[in-house]
Amino acid sequence: MKIDLHCHTKKVKTGDSSGRNVNVELFKRKVEEADVRILAITNHNCFDLEQYENFKKAVREFCQIWPGIELDIHGEKGRGHLIVIANPNNYQEFSNKIEDLIREESPDKFLVDVQTVFEIVDDCDVIYIPHFHKEPRLSDKDIDKLNVLLKDKSRLFKETSDYRSLGVYSNFDYSMIIGSDVQDWS
């Protein structure tokens, strides 16, 4: 079964590819062609509840859609990315909490620390995926800080950008993933 836990569906930040913008029909066709059975929508500093519900409805016969977001983190050693994905049963609560977290802040300017993210969304039954061996990476200190906060350590995965790194880190008992990080749906 194919699972994609890092999937963009909108150009949100300056510098994002406009090819990330996808309509319902193209999204449905591409997800079905790729035979993906679980997919998390993780746009930068943005959770679009309406888009989530529309896409979820369009693919419900063959794919689960999970609510998520890729946040810019102000960390110990600069800026990094942290993907946060909620249990789909909690998507409305997750949406409300993300809306409260981001407020009116521009996706280009939004920054938050790991502890604040944890305090606000952890009760939505979330998993955390920091960029680890992929830029902009979260520092080891920030990942350790998040790990200390977690009661269930199995909810922390690390993301890399290539299969070689995936294999090496997996051999050292890291929970690793590679996401599609879609740049162009066409």
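The values are calculated or read from the model by the stated rules, or taken from the named source; none is laboratory data. Keep in mind that what you see is a predicted model, and the values were worked out from it rather than measured. Note that we place each Cβ from the backbone using ideal geometry, even for glycine, and neighbour counts take in every protein chain shown. These area figures cover heavy atoms from the full protein model, side chains too; ligands, DNA and RNA do not enter into them. Shrake-Rupley method; radii C 1.70, N 1.55, O 1.52, S 1.80 Å.
Is it fair to say Phe94 is under 15 Å from Asp4 (Cα atoms), of a type in the set (Phe, Trp, Tyr), open to solvent by less than 30 Å² (accessible area, probe 1.4 Å) and in a helix (DSSP H, G or I)? The answer is no for Phe94.
For first residues located in the range 118-129 and touching a residue at least 60 places away in the same chain (Cβ under 8 Å), partners that are open to solvent by less than 30 Å² (accessible area, probe 1.4 Å) and small (Gly, Ala, Ser) and lie 6+ apart or on another chain with Cβ distances below 8 Å form the pairs Ile129/Gly179. Glu76: among the acidic types (Asp, Glu) and touching a residue at least 60 places away in the same chain (Cβ under 8 Å), yes or no? Spelling it out, Glu76 is indeed among the acidic types (Asp, Glu) and touching a residue at least 60 places away in the same chain (Cβ under 8 Å).
State which residue is nearest to the chain's Cα centre (by Cα) when the search covers only the range 33-80 and only residues that are small (Gly, Ala, Ser), open to solvent by less than 30 Å² (accessible area, probe 1.4 Å) and more than 16 Å from Val114 (Cα to Cα). Once the filter is applied, the top-ranked residue is Ala40. Considering only residues in the range 121-171 that are in a helix (DSSP H, G or I) and among the small types (Gly, Ala, Ser), the one that is least open to solvent (accessible area, probe 1.4 Å) turns out to be Ser165. The set of residues in the range 102-120 that are open to solvent by 30 Å² or more (accessible area, probe 1.4 Å) and outside any helix (DSSP H, G or I) comprises Arg103, Glu104, Glu105, Ser106, Pro107, Asp108, Lys109, Leu111, Asp113.
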